[in-house]
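Scroll down for the structure; my scribbles are underneath it.
The values are calculated or read from the model by the stated rules, or taken from the named source; none is laboratory data. This one's a predicted model, so the numbers in the text were calculated from it and none came from an experiment. Please note: Cβ atoms are built from the backbone with ideal geometry, for glycine as well, and neighbour counts cover all protein chains shown.
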């Protein structure tokens with residue numbers, strides 16, 4: 001159950017803000033309905049909108065609006081959107097893609113400026129999902145290989161969750177497009193994952 005907002009809340013929560021889902025195609029996504037329902041229930045004046053696009057200029061234009069608070073980034077933009085943010089978190093750098101952008105105020109040169117931070121939360125969700133099904137999976141992965149099916153950007157998060165998060169020693173990647181799989185493997189190796 002979702003509780004009411006606490007008496008003292010961050011100023012950002014009480015101001016009109018917009019969150020975007022950036023990807024294509026996304027017309028089928030239930031994320032806007034889901035998040036907008038939560039915002040209404042909590043009486044947060046935020047709005048979650050679809051930005052059905054692959055054009056990074058569209059994203060950067062919205063990111064520089066005063067009401068921008070963040071974005072969920074999905075296919076096919078997870079790798080390219082890294083170029084749109086000021087800071088990429090360490091995990092996202094190693095994975096080579098982002099799925100979340102959030103804003104934090106920062107003092108730069110004596111003036112307050114919004115800093116756009118890109119991160120990857122996919123790997124955490126994958127790790128936690130696997131742990132919820134098998135709490136002993138870490139021990140199991142020490143002696144058995146893991147398998148990831150699919151070579152898109154999310155496979156990078158899955159491989160990272162299995163190796164860095166759960167300690168897998170060997171991960172096999174299966175994909176119908178060999179070049180896409182090779183690109184994902186090459187990208188992870190360039191970031192230091194073996």
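When 107, 162, 141, 131 are checked against the criterion of being farther than 25 Å from residue 31 by Cα and modelled with pLDDT of 95 or more, a single residue qualifies: 162.
Listed here are the helices (runs of 4 or more DSSP H) enclosed by the range 23-141 that have at least 1 residues being out of contact with any strand residue (DSSP E or B) (no Cβ under 6 Å at 6 or more places or on another chain) and within 21 Å of residue 161 (Cα to Cα): 90-95, 122-133, 137-141. Scanning the range 56-65 turns up no residue that is touching a residue at least 60 places away in the same chain (Cβ under 8 Å), crowded, with 16+ Cβ neighbours inside 10 Å and in the same structural domain as residue 17 (by TED's automatic domain parsing). You will find that of 168, 184, the residue that is at pLDDT below 90, touching a strand residue (DSSP E or B) at 6+ places or on another chain (Cβ under 9 Å) and either assigned to a loop (DSSP other than H, G, I, E, B) or buried (at least 17 other Cβ atoms within 10 Å of the Cβ) (or both) is 184 and no other. Taking the criterion of being touching a helix residue (DSSP H, G or I) at 6+ places or on another chain (Cβ under 9 Å) and either without any contact (Cβ under 8 Å) to a residue 12 or more places away in the chain or over 19 Å from residue 96 (Cβ atoms) (or both), the only residue of the range 175-194 that qualifies is 194. Kindly indicate whether any position in the range 151-158 is over 25 Å from residue 88 (Cα atoms), outside the structural domain of residue 101 (by TED's automatic domain parsing) and in contact with a helix residue (DSSP H, G or I) (Cβ under 9 Å, 6 or more places away or on another chain). Checked against the condition, which is being over 25 Å from residue 88 (Cα atoms), outside the structural domain of residue 101 (by TED's automatic domain parsing) and in contact with a helix residue (DSSP H, G or I) (Cβ under 9 Å, 6 or more places away or on another chain), the range 151-158 yields no hits at all.
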